[in-house]
Every structure is written in C-alpha cells, then in structure tokens.
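**Student:** Below you will find the structure I want to go over with you.
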Amino acid sequence: MENKSTHETTLVSENSLPVQSKSNPLKTEPWTPEESAELYGINNWGNGYYRVNPNGNVQITPTGANGPSVDLFELTQDLLDRGIRVPIMIRFTDIIKARVELLYNCFNKAITEFGYKAEYNGVYPVKVNQQRHLVQDIVHFGKDTRLGLECGSKPELLIVLALMNNPNGVIICNGFKDIEYIETAILSQKLGKKTIIVVDRKEELKMIIQVAKKFNTRPKIGFRAKLNTQGAGKWVDSSGARSKFGLTAMEIVEGLELLKTENMMDCLELLHYHIGSQVPSIQSIKSSLKEGARFYTEIYQMGATGLKYIDVGGGLGVDYDGTGHSDSSINYSEQEYANDVVSILQGLCDEKNIPHPNIVTESGRALVAHHSVLIFNVLGVNHLHRSAPPRLVTKKDPGIMQDLQYIYEKVNRDNINECFNDLTQSKQETLQLFTYGVLNLEQRAWCETMYFSIATKMLQIAKTAPDVEDIEATLRQELCDTYYCNFSVFQSVPDSWAVGQLFPVMPIHRLQEEPHHEATLADLTCDSDGKMEKFIDSKTGQYKQTLQIHEVKENESYYLGVFLTGAYQEILGDLHNLFGDTDAVHISMGPAGYTIDHYVPGDTVTEVLSYVQYDRNNLIDNVRQASEEFIQKGSISKQEAKLLIKHYEEGLSGYTYLEDLE
Ligand SMILES: *Cc1c(COP(=O)(O)O)cnc(C)c1O
C-alpha cells in the first residue's frame with residue numbers, strides 16, 4: 001500500500017519556554033532540553049539533522065540547518081493516528097538527497113581547488129540498503145552528479161541494471177561471478193550502460209575474455225588490487241594479503257600479460273581496492289590511497305593506457321557516537337576525505353607524469369546511515385531500585401541480617417570503601433547461607449531487599465564523595481533497571497548484537513524533564529543477547545552500559561528512537577523468534593510541512609510463518625479440527641471455539657510485534 005497525504009508541520013518558535021520539570025521539585029534550576037541534548041550527545045552525532053527542540057522533543061531538519069523541520073514525537077503520533085504501528089522505521093528522503101549532494105560537493109570543491117584534471121564519479125553500493133524506494137531516490141538525486149551504482153552479486157546486478165537510467169553514471173560489478181553474471185553484465189553494455197566488470201579473482205578474467213569474444217564486444221574491465229594496507233576498526237579483514245577478494249601483485253602482472261596476448265590491454269579501464277567499511281582514522285585512508293595510487297601508476301606505465309578510473313572503494317565512516325576517537329566514530333570530515341583522495345592521487349600521478357584518473361568512490365554507509373530512525377515504545381520496566389529498607393531486624397534474626405542492617409545505618413562518605421566491601425561480601429554470604437539451608441526464603445528475600453536499599457543509599461553518597469568513581473559505576477550497574485521494549489535487536493539493529501556497534505539511542509520526547517533512571521534496553525525476543533547495553537557517555541567520551549532514562553508514566557506511552565540505522569541493518573536483520581520487518585514510512589519535506597510518500601507495511605505473522613513453510617489455511621484447519629473434537633467432548637463451548645478461531649485468524653493477519661498498546 002502506498003498513500004500520499006500532507007500534514008502541517010508545527011514549527012517551534014524560538015522563544016517558547018520549556019515546560020518546567022515537575023519530577024524533582026527539590027531541584028532549584030529546572031532541567032532543560034539543552035541538558036538532555038548534552039546528555040545524549042545529539043549535537044555531536046546528529047550532524048545538523050537531529051537536535052532537541054524547546055518543547056523537549058527530538059526535532060529533525062532533513063534538508064540541513066536552515067531547512068524546514070519536523071517534530072519527531074508529533075510525527076510519530078500522527079503516524080499512529082493513521083494506523084501505522086510501532087516499531088516504525090521512519091526514513092527521511094531529504095536526508096538522502098542532502099548526503100548525495102554533500103559527497104559530490106566535497107569532491108567537486110577539492111577538484112576545483114587543487115586543479116585536478118578529471119571527474120568525480122561516485123557510485124552507491126546497493127548492498128548497504130537495497131530497498132527499492134531508496135535506490136530509486138538515490139538514482140534520482142544523483143542524476144545531475146553522475147552518481148552510479150555498484151553491485152556485489154547476481155541479484156544485485158539485476159536491480160542495478162533495471163534502475164540505473166542515468167547515462168553518465170557507471171555501474172561497477174563486484175563480487176563472485178559466474179558466466180551468467182558476466183554475460184549479463186557484458187550484454188548490458190549493448191544497452192548503453194557504462195558497466196565495468198571488476199576482476200575480483202584471477203579466474204574471472206579468463207571468463208570475461210571468453211564472453212567478450214562470444215559477443216564480439218570490447219568489455220570495460222577493472223582490476224581489484226589486494227592492498228597490504230589494512231583499514232582499522234571493526235571491518236579490517238576486507239584488505240590485506242588474506243582478504244577474500246582482490247588480485248595480488250603477481251596476479252595483476254599475469255593479468256596484464258594475458259590482456260596483452262589477447263590484444264585487450266585497452267579494455268582495462270579501472271583499478272579498484274576496498275579496505276573495509278567504517279574506517280575510523282584518516283591515516284589508514286591516506287596509507288591505502290598511497291598504495292592504491294602506486295598500483296594505478298605502475299599498471300598505467302606497464303601499458304594499460306586505457307586506464308581512466310581509480311575506484312577507492314567504501315570505508316568513508318559515519319560518526320555514530322560523536323566522540324571522534326572510537327571504532328564507531330571517525331576522526332575526519334567528508335571534506336577532509338575528499339581533499340586527501342584528490343591531493344594524494346594528484347601528487348602521485350604528477351610525479352609519474354600520468355593523466356589524472358576519474359575518481360570513483362563506493363561510499364554506502366556515509367550516504368544512507370543518517371536517513372532512518374527506528375521508533376519503538378517501552379512495554380514495561382523491571383525496577384530493582386528500592387530506596388525504602390525492609391522491616392527492622394530483631395534480636396532473633398540471623399547474624400547476616402544484623403550485619404546488613406548495620407551497614408545500612410552506618411554508611412557515609414568516610415567509610416564508603418569499607419562498607420562497599422562489606423556489602424559485596426554479605427551478598428555472597430546470603431546466597432551461601434540460603435543454599436546451605438541456614439536462611440529461609442523469607443530471610444533471603446529480606447537480605448536481597450536490604451542489599452538494594454543499601455546500594456541505593458550508597459550510590460547517592462558515592463555521587464558526592466571523592467575518588468569513588470569505580471564504586472559509583474558498579475552500583476549504577478547493580479541498580480540499573482531493565483526497560484522492555486517493543487522491537488527486536490536482531491531484526492532492526494543486528495550490528496549492535498553481532499559486532500557490538502554503537503547506535504545512538506534516546507527518548508524522543510520529555511526531554512525537558514530530568515531522566516532519573518539508569519537502564520538497559522531489552523527487546524521482545526527471548527534471547528538473552530536481545531538487548532542494548534552500550535551507550536554514549538557524553539561526559540567522558542567513552543561508553544557506558546546504562547542509559548539515563550525517564551520513569552514511564554502510567555497510561556502514557558514512552559517512545560525511544562534508535563538513530564542512524566539506514567546502512568546495513570535492514571537487510572542483515574533476521575527473523576529471530578519470528579519478529580519480522582517493521583512498518584516503514586518515507587517522509588519528505590515541502591513548504592507546507594511533511595508528506596508521507598510511501599507506507600511499506602511490515603510483515604504479517606502469516607508472511608513470516610510462510611518463510612518457514614507454514615501455510616495459513618493449514619494451520620487454521622488444524623485448530624478448527626481440534627476445536628470440533630473438543631466441542632463434541634463438551635470441554636469447549638461453540639462460542640468459545642468461535643472466539644478462539646477468531647483470535648487465531650486475526651493473529652495470523654496481525655503484526656509480529658505487540659499491538660494496541662495505546
Ligand atoms: C561493502 C562495500 C562497500 C561499501 O562500503 P561502505 O563502507 O559502506 O561505504 C564498497 N565497496 C565494496 C567492494 C564493498 O564490499
């Protein structure tokens with residue numbers, strides 16, 4: 001289903017006052033939206049697209065700083081009113097446009113400034129997010145800037161051939177290739193496509209030559225070089241001698257000889273390398289460029305004078321945490337990246353007196369990561385926090401209870417270290433005594449409650465005492481709550497689970513209130529890995545294991561957003577516990593506010609079950625037969641059986657996530 005509708009955006013006036021925080025009446029200064037912005041680091045990772053508005057909601061400015069903006073909380077409400085369900089993936093089309101333009105402008109600026117004598121030809125690698133609307137948008141926004149596409153498999157080649165209608169954009173074919181892949185790619189050249197087939201493994205060159213002869217064409221060929229320089233960060237294995245793809249120096253030399261023998265030297269148009277995704281440091285990018293550019297000049301000088309592109313691959317990173325110095329961050333800007341690519345290539349080519357090559361980048365993450373946000377609601381909270389101590393001990397109670405009561409009463413700033421050690425020991429002792437049969441269940445319950453009361457009191461003291469940061473951190477973690485959330489980590493942010501990647505997470509509303517709780521987020525799956533417990537600590541620039549978050553109010557939904565999820569997450573997402581694709585909407589901005597361009601409904605239970613070979617009618621039939629049998633036996637009434645079947649059928653048509661929580 002696709003629907004089109006418009007809605008007035010409420011523009012926030014600059015002088016509207018933040019609503020005063022009522023959550024902590026003792027605090028003299030009310031908590032401000034600015035403090036929330038600081039706490040969650042949104043101005044560091046938001047890239048100008050995301051910020052906190054004076055109403056205490058997240059505000060999105062998809063076209064960049066001075067463009068029209070939309071209140072994410074109001075937008076979410078509006079989508080819910082239309083029957084679109086949480087979890088929702090919201091995509092901002094204008095952010096895609098802004099990113100496509102940004103990258104092009106950075107390269108163009110560098111090319112003009114340095115007097116570089118060739119063009120920039122960006123390509124978008126579709127594997128980063130193959131969603132049709134998105135790829136169509138990218139092709140559309142890249143029309144005037146020669147943006148091409150890259151594919152890494154046969155199915156992706158088929159997408160690219162159908163969607164690439166920009167005559168000036170190149171198509172780069174990477175990945176494992178068989179004859180069918182190569183024939184399709186070579187035949188597409190006869191449709192006027194600028195398809196370049198990259199030799200990723202040495203066997204492919206022979207196949208390309210064979211197919212080219214069969215169709216009597218001059219194919220456009222690229223070589224992928226195996227660089228010695230490695231990236232850094234989480235995806236280093238994409239380069240180096242043991243990487244999966246690419247030709248070694250010897251294989252390149254042999255490949256050139258083969259091309260010469262076949263009289264096809266002029267067909268070699270491109271040299272490619274790729275050192276991995278999300279390269280955190282500009283130093284790695286520069287080293288790889290120097291090595292890659294040397295390959296280029298050497299190959300050119302060996303007679304491949306048809307060379308006219310250097311394809312520096314992907315790797316341009318995204319600043320997920322805003323720190324500038326971690327694996328989930330980058331220590332350079334897009335402009336610095338472009339400047340370095342252009343100036344290093346220029347330097348090395350001038351030195352060898354070789355014409356400047358056109359520059360191809362395969363940046364995927366940097367183009368699409370920013371454009372989507374996942375919104376979900378909190379379903380329930382497990383509070384361990386207990387400030388009130390249990391009943392007072394009496395003389396008859398076991399010694400361990402007396403000890404705990406004593407710690408509770410005496411802990412203060414001066415003895416906090418000692419008390420903390422005593423508390424840790426008492427905790428272990430409690431468990432031992434229970435196991436040995438000395439404590440009964442009620443006594444164990446008392447000890448546990450007292451433990452949390454002491455921990456709570458101790459944390460308050462630790463916050464103001466000097467030199468006890470480690471105690472404070474341990475207690476925070478001991479006392480952290482679990483917020484159960486309506487989403488699946490495996491479906492929507494798989495890299496958070498698989499490679500420990502950080503994604504910014506924060507509430508999208510109530511940001512004018514101080515968040516008093518520390519929590520980890522648990523998802524709907526029954527997998528103990530289905531949780532998020534890595535968050536930005538904007539104070540230290542490091543990570544912390546708990547998120548500072550608000551108390552959930554009764555009868556009021558609480559919404560969180562996971563940001564910058566536009567690259568890789570959707571297609572890597574899996575069906576763990578059969579949670580399927582979420583609902584998704586595409587939003588674009590216009591002078592009258594925002595427009596919902598597309599609504600892409602998430603999977604129904606029936607769809608998800610069909611992936612594992614269950615048939616809807618079969619399932620219903622089974623349940624119907626069982627109810628017939630027990631209606632006969634008299635253990636279920638006809639009305640009850642009817643209701644059961646009704647729920648069953650509705651369940652099959654429904655969303656895989658929890659519904660109707662409003
Ligand atoms: C995955 C991949 C890319 C995309 O990398 P990003 O870091 O997302 O820009 C580019 N080229 C190749 C060969 C890839 O495998």
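The values are calculated or read from the model by the stated rules, or taken from the named source; none is laboratory data. A quick note: this is a predicted structure, and the numbers were derived from the prediction, not measured. Cβ: placed from backbone, ideal geometry, glycine included. Neighbour counts: every protein chain shown. Side chains included, ligands, DNA and RNA excluded: accessible areas come from the protein's heavy atoms. Shrake-Rupley method; radii C 1.70, N 1.55, O 1.52, S 1.80 Å.
**Student:** Is it the case, given these coordinates, that T449 is touching a residue at least 12 places away in the same chain (Cβ under 8 Å), among the β-branched types (V, I, T) and closer than 23 Å to N43 by Cα? Full working, then the answer.
**Tutor:** Numbers: touching a residue at least 12 places away in the same chain (Cβ under 8 Å): yes; among the β-branched types (V, I, T): yes; closer than 23 Å to N43 by Cα: no.
Taking the combined requirement at face value, the residue does not satisfy it.
**Student:** Now for a separate question. Residues that are open to solvent by less than 10 Å² (accessible area, probe 1.4 Å), at least 3 per element: which helices (runs of 4 or more DSSP H) completely within segment 388-484 meet that? First the steps, then the outcome.
**Tutor:** Values: elements: 399-410, 416-435, 441-464, 469-478.
Fully inside segment 388-484 and qualifying: 399-410, 416-435, 441-464.
**Student:** Restricting attention to segment 140-151, which residues are out of contact with any Asp or Glu (no Cβ under 9 Å at 6 or more places or on another chain), more than 16 Å from I95 (Cβ to Cβ) and open to solvent by 10 Å² or more (accessible area, probe 1.4 Å)?
**Tutor:** Correct list: K143, D144.
**Student:** Sticking with this structure for a sec: Determine which member of the set T546, T565, T582 is in contact with a helix residue (DSSP H, G or I) (Cβ under 9 Å, 6 or more places away or on another chain) and within 16 Å of the ligand (Cβ to nearest atom).
**Tutor:** After applying the criteria, what remains is T565.
**Student:** Another one. Residue under question is V318, and the condition is that it be out of contact with any Leu (no Cβ under 7 Å at 6 or more places or on another chain), in the same structural domain as M302 (by TED's automatic domain parsing) and within 21 Å of E101 (Cα to Cα); does it hold?
**Tutor:** Details: out of contact with any Leu (no Cβ under 7 Å at 6 or more places or on another chain): no; in the same structural domain as M302 (by TED's automatic domain parsing): yes; within 21 Å of E101 (Cα to Cα): yes.
For V318, the condition - out of contact with any Leu (no Cβ under 7 Å at 6 or more places or on another chain), in the same structural domain as M302 (by TED's automatic domain parsing) and within 21 Å of E101 (Cα to Cα) - is not met.
**Student:** Any idea which of S287, S281, S277 is polar (S, T, N, Q) and surrounded by 20 or more Cβ atoms within 10 Å (Cβ to Cβ)? Step through it out loud before you land on a result.
**Tutor:** Details: S287 fails: surrounded by 20 or more Cβ atoms within 10 Å (Cβ to Cβ); S281 fails: surrounded by 20 or more Cβ atoms within 10 Å (Cβ to Cβ).
Of the residues listed, the single one that is polar (S, T, N, Q) and surrounded by 20 or more Cβ atoms within 10 Å (Cβ to Cβ) is S277.
**Student:** I'd like to know if segment 202-217 contains one or more residues that are assigned to a strand (DSSP E or B) and open to solvent by less than 60 Å² (accessible area, probe 1.4 Å). Reasoning before the result, please.
**Tutor:** Taking segment 202-217 first, the residues assigned to a strand (DSSP E or B) are none.
Among the residues of segment 202-217, not one is assigned to a strand (DSSP E or B) and open to solvent by less than 60 Å² (accessible area, probe 1.4 Å), which makes the answer no.
**Student:** Give all pairs with beta carbons closer than 7 Å in which a residue from segment 107-119 that is at pLDDT below 95 meets a residue that is open to solvent by 80 Å² or more (accessible area, probe 1.4 Å); count only pairs at least 6 apart in sequence or on separate chains.
**Tutor:** none
**Student:** Inside segment 611-662, can you point out the residues that are open to solvent by 60 Å² or more (accessible area, probe 1.4 Å) and closer than 16 Å to L578 by Cβ?
**Tutor:** Y611, V612, Q613, Y614, D615, R616, Y648, S653, L658, E659
**Student:** So in segment 338-370, with the set limited to residues that are polar (S, T, N, Q) and within 16 Å of the ligand (Cβ to nearest atom), which one is nearest to the chain's Cα centre (by Cα)? Don't jump to the end; show me each part of the working.
**Tutor:** Of segment 338-370, the ones polar (S, T, N, Q) are 339, 343, 346, 353, 358, 361, 363.
Remaining after also requiring within 16 Å of the ligand (Cβ to nearest atom): 361, 363.
Details: T361: 21, S363: 16 Å.
The selected residue is S363.
**Student:** If you don't mind, another one. Can you find a residue in segment 250-260 that is away from the ligand (no atom under 16 Å from the Cβ), at pLDDT 95 or above, over 29 Å from S326 (Cβ atoms) and small (G, A, S)? Break it down stepwise before answering.
**Tutor:** Residues of segment 250-260 that are away from the ligand (no atom under 16 Å from the Cβ), as a first pass: 250-260.
Imposing the further condition that a residue be at pLDDT 95 or above reduces the set to 250-260.
From the residues that got through so far, the ones that are over 29 Å from S326 (Cβ atoms) too are 250-260.
Among the residues that remain, those that are also small (G, A, S) are: 255.
Yes, that holds for at least one residue.
**Student:** To continue, here is another question. Report whether or not S488 is small (G, A, S), surrounded by 18 or more Cβ atoms within 10 Å (Cβ to Cβ) and out of contact with any Asp or Glu (no Cβ under 9 Å at 6 or more places or on another chain). Before the answer, list the steps.
**Tutor:** Working: small (G, A, S): yes; surrounded by 18 or more Cβ atoms within 10 Å (Cβ to Cβ): yes; out of contact with any Asp or Glu (no Cβ under 9 Å at 6 or more places or on another chain): no.
Criteria not met by S488.
**Student:** Another question, then. Starting from segment 158-180, keep only residues that are small (G, A, S), then list their pairs with residues that are open to solvent by 60 Å² or more (accessible area, probe 1.4 Å) whose Cβ atoms are within a distance under 9 Å, requiring at least 6 positions of separation or different chains.
**Tutor:** Pairs that qualify, where the first residue is small (G, A, S) and the partner is open to solvent by 60 Å² or more (accessible area, probe 1.4 Å), are G169/K143; G169/K194; G175/K127; G175/K154.
**Student:** Now for a different question. Cβ contacts < 7 Å: first residue free of Cβ contacts under 8 Å to residues at least 60 places away in the same chain and over 17 Å from N165 (Cβ atoms), restricted to segment 122-137; second residue more than 11 Å from the ligand (Cβ to nearest atom) and open to solvent by less than 10 Å² (accessible area, probe 1.4 Å), any location; separation 6+ or different chain. Result?
**Tutor:** Close Cβ pairs satisfying both conditions: none exist.
**Student:** Yes or no: segment 222-243 includes at least one residue that is away from the ligand (no atom under 14 Å from the Cβ) and farther than 27 Å from S329 by Cα. Show your work before the answer.
**Tutor:** Here is the first cut: in segment 222-243, the residues away from the ligand (no atom under 14 Å from the Cβ) are 228-230, 240-242.
With the extra rule that they be farther than 27 Å from S329 by Cα, the set shrinks to none.
No, every residue in segment 222-243 fails to be away from the ligand (no atom under 14 Å from the Cβ) and farther than 27 Å from S329 by Cα.
**Student:** Okay, next question. For segment 170-182, give me the residue count where each residue is away from the ligand (no atom under 16 Å from the Cβ), over 15 Å from F223 (Cα atoms) and open to solvent by less than 40 Å² (accessible area, probe 1.4 Å). Outline the logic, then answer.
**Tutor:** As a first pass, look at segment 170-182 and keep what is away from the ligand (no atom under 16 Å from the Cβ): 178-180, 182.
From the residues that got through so far, the ones that are over 15 Å from F223 (Cα atoms) too are 178-180.
Now narrow it down to the ones that are open to solvent by less than 40 Å² (accessible area, probe 1.4 Å): none.
Selection size over segment 170-182: 0.
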